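Contents: one structure, followed by commentary.
The values are calculated or read from the model by the stated rules, or taken from the named source; none is laboratory data. Source: prediction; values computed, not measured. Neighbour counts run over all protein chains shown; Cβ positions are idealised from the backbone, glycine included. All accessible areas refer to the heavy atoms of the entire protein, side chains included, with ligands and DNA or RNA removed. Shrake-Rupley method; radii C 1.70, N 1.55, O 1.52, S 1.80 Å.
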Amino acid sequence: MQSLLNVIFPPTCLLCRSQVTTPRGFCPDCHRSMVFLSAPACSLCGAELLANPMGSNTLLECDDCMRTARPWDWGTALLAYEGSGRRAVLAFKHGNRADLAATFGPLLAKQLEGSCSKHMAVVPIPMHFTRFRRRHYNPAAELGRHIAKSLDRPFMSQALKKVTSTPPMNGLGREARFKAVAGSLKVRAKYAHKIAGRDVLLIDDVLTSGATLAAATECLKASGVRRVGVCVLARAHKNDYLPANLSFGDR
């Protein structure tokens, strides 16, 4: 039946809609310009590193994570926020392409194999209801749902709540981003006992400054979460405007 459907309705690239041989895939041109991050990579954000002079088993941090204290324990990313990867992320976030989660979620899950503890809960970064009303779906939650299913881990889509609406982050400097998200997240009371003492995999679509992920991690750890891992679809280019002496407590 699937073969017959492929003849009648040939599969097309998820981005440019040119014809492809495999359903839910990308054409050679789009795939070629999609930068998948690989080892050696930063152990906190997934940014690809040029080399690992300390040996393949040594955990390394990129210059951005060395300058910026991260409250989470480890992190990974699938794509660099450039080329067709950037186009895919923008379509996913702003172009009503929730269907892309069905492709990227399992890819992220495969990358996470071996990193997640047995009872780790999957928790997405929440979206304020006013923004959700405009977009009709939360990209982080769509990714998280597919990741949790692939890894057979509990999915707690409502564990975190966005209590205040934050302004668009585009064009904001690092410090402004951290100020914008301060106090904007909390753990829902009915989930506090469910996450206390366990590990959490925190899901978001893009990591830029890490402000939102840091605020969410603080909330989770204040509620008794043991360890927090961060998983994002894409890692944006590192910014250069963070003062070298800025610590996490200064934000």
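Accessible area per residue for region 77-133 in Å², computed with a 1.4 Å probe and the full protein assembly in place, what is it?
With the other protein chains kept in place, region 77-133 gives 44 Å² per residue.
Skipping prolines and chain starts, which residues have an amide H placed within reach, meaning under 5 Å, of the one on L37, given they are 5 or more residues away or on another chain?
Amide H neighbours of L37: L79, A80.
Determine Rg/Rh for region 101-152; Rg is computed over alpha-carbon atoms and Rh is the Kirkwood hydrodynamic estimate from the same atoms.
Details: Rg = 12.2 Å, Rh = 11.7 Å.
Ratio of gyration radius to Kirkwood radius: 1.04.
Can you give me the relative contact order of the chain as a percent, contacts being Cα pairs under 8 Å and 6 or more apart?
It comes to 21 percent, rounded to a whole number.
Per-residue counts of other Cβ atoms within 10 Å, averaged by peptide: what ranking do you get for 109-115, 197-203, highest first?
197-203, 109-115
In cubic angstrom, how much convex hull volume per residue do the alpha carbon atoms of the chain span?
147 Å³
For region 29-122, report the % of Cα-Cα distances exceeding 19 Å.
50 percent
Working from Cα positions, state the angle (0 to 90°, nearest 10) between the long axis of helix 101-112 and the longest principal axis of the chain.
60 degrees
Report the net charge of residues surrounding T12, where surrounding means a beta-carbon distance below 14 angstrom and charges are Lys +1, Arg +1, Asp -1, Glu -1.
+1
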